[in-house]
1. Looking only at the range 224-237, decide whether some residue is at pLDDT 95 or above, assigned to a strand (DSSP E or B) and under 19 Å from the mean Cα position of the chain (by Cα).
2. Scan the range 361-406 for residues that are out of contact with any helix residue (DSSP H, G or I) (no Cβ under 6 Å at 6 or more places or on another chain), crowded, with 16+ Cβ neighbours inside 10 Å and outside any loop (DSSP other than H, G, I, E, B) and jot them down.
3. For the condition in contact with a helix residue (DSSP H, G or I) (Cβ under 9 Å, 6 or more places away or on another chain), crowded, with 17+ Cβ neighbours inside 10 Å and at pLDDT 95 or above, what is the one hit in 60, 42?
4. From the list 24, 37, pick out the single residue that is in contact with a helix residue (DSSP H, G or I) (Cβ under 7 Å, 6 or more places away or on another chain), at pLDDT 95 or above, under 30 Å from residue 380 (Cβ atoms) and surrounded by 15 or more Cβ atoms within 10 Å (Cβ to Cβ).
5. Tell me which residues, restricted to the range 129-140, are surrounded by fewer than 18 Cβ atoms within 10 Å (Cβ to Cβ) and over 23 Å from residue 76 (Cα atoms).
6. Select from the range 385-406 the residues that are under 16 Å from residue 175 (Cβ atoms) and in contact with a strand residue (DSSP E or B) (Cβ under 9 Å, 6 or more places away or on another chain) and list them in ascending order.
7. Among the residues of the range 201-223, what is the count of those that are modelled with pLDDT under 95 and either part of a strand (DSSP E or B) or touching a strand residue (DSSP E or B) at 6+ places or on another chain (Cβ under 6 Å) (or both)?
8. Which is within 24 Å of residue 175 (Cα to Cα) and outside any loop (DSSP other than H, G, I, E, B), of 350, 354?
C-alpha cells in the first residue's frame, strides 16, 4: 500500500479524530490493512485456536459465537461475570452496539483478543484457567530450525569487536519482530533475502548508544513485544547491555496475560532463557549470565495491566509513568508499541517523531519492523523513494526503523 493509497483509505475509514486532528484509523474501508486484520486474520485465528486444543462443547460454542459476531454482528460487551467487565465497559461504551469495523482499529484489535480469552475461559475457574491459547504456536517456533540457526550464529559473533557486536545485536533485536506469529497468520514470512528486507527507513541507533555510554550507571527499560524468535534476540541484546556496562540494570516489561497471539509473558521469558541455556556454545553462556542476572536483580521482569489495554501511552497510569521516568532510556519493541506510542492515527509520515512522543516521561527509543500503516518521523526524500518503489513498505515487514527521542 502506498502512502497516497494508505492515507486516503485511512481518511475515508476514519470518522473520529485524535488529540491534534489526525484521523483515528478504523477498519471500515474494504481492502485496507486494518480491514484485512478484522475480516481475515481474526477469523483465521479463531479457527487455529479451536484446532490447537481439545476444547469442550462450551468453548467451541463460544468461539463460534465470537466468529459470528465479528463477521456479521455488532460489538457486544464482556459478560458481567468477567473480572474486568467494568473496565472494558468504560473503555468500550462508545463502541458497543456498533459494527466492529466502525470502532478504532487499535481498540477493536485489543478487544478481540480479550473476547477470545473469554471464549476459551482463560480467566475462568475451570480446568482451562490460565492455559495460554497461543502456547502451541509459540512453542513450535521456539523449537524450530530457524531458532537453532540463529543461536549457532552467536558463536561467530562472540569474538567480534564490541562495537560491531553491538550493532549486530541491536539489528537482530529489531528484525526479530518479523517472527510475529499474528502477522504470519495471513501474510506469511517476508523473504529474508529480498533487498528490501535490510532497509531501515529511519536509523537513530547512534543516538541510542550515545544515551547509554559504557560505564554509566544506567537503568534501561525494555518493553517487549513478541515471544520466541523476537524475545530471544531481545534477551541477547539485554545481556550485551549488562556485560558491556551500557546498563547497570535492565527492567524487562512483558504482558500479564496472552495477547496478540505471540506477545511475551513471564512464562515466555523463562522458556526463552531455558532455550538459551540448553543450546551449545555462546548461546548457553548468554543464557547462564541472564539467569544469574535475574537472581542478582540486575535483570528484572515486570508486568502491568496497562500493557493489555486498548489505549495509547499518553494515557498510561501514574505508576507506570514513574517507572519510565526513572529509566535512562525506555526501549519499546514492535509494531503495537509503536502505534500506542505515537497514536494509531493517519499521521503525515514526515510529522516529527519528537513531537508525537514529547509527552513520554523520559528518553524513548522505538525498535519496530513495519507491519501497519502508522508511521512518523520520515525524511521527505526517504518517503518519496519509498513511494516510488510501489512496495507495501508500511505493512509487509520488509522495512524497519530505529527512532529515538532524547
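The values are calculated or read from the model by the stated rules, or taken from the named source; none is laboratory data. Quick caveat: nothing in here was measured; it's all calculated off a predicted structure. Don't worry about glycine lacking a Cβ; one is built from the backbone with ideal geometry, like all the others, and counts go over all protein chains shown.
1. Looking through the range 224-237, at least one residue is at pLDDT 95 or above, assigned to a strand (DSSP E or B) and under 19 Å from the mean Cα position of the chain (by Cα).
2. Matches in the range 361-406: 364, 382, 383, 386, 399, 401.
3. Among 60, 42, only 42 is in contact with a helix residue (DSSP H, G or I) (Cβ under 9 Å, 6 or more places away or on another chain), crowded, with 17+ Cβ neighbours inside 10 Å and at pLDDT 95 or above.
4. Details: 24 fails: in contact with a helix residue (DSSP H, G or I) (Cβ under 7 Å, 6 or more places away or on another chain).
When all the criteria are applied, what remains is 37.
5. Of everything in the range 129-140, those that are surrounded by fewer than 18 Cβ atoms within 10 Å (Cβ to Cβ) and over 23 Å from residue 76 (Cα atoms) turn out to be 130, 131, 135, 136, 139, 140.
6. Residues satisfying the conditions are 393, 397, 398, 399, 400, 401, 402, 403.
7. Of the residues in the range 201-223, 0 are modelled with pLDDT under 95 and either part of a strand (DSSP E or B) or touching a strand residue (DSSP E or B) at 6+ places or on another chain (Cβ under 6 Å) (or both).
8. 354
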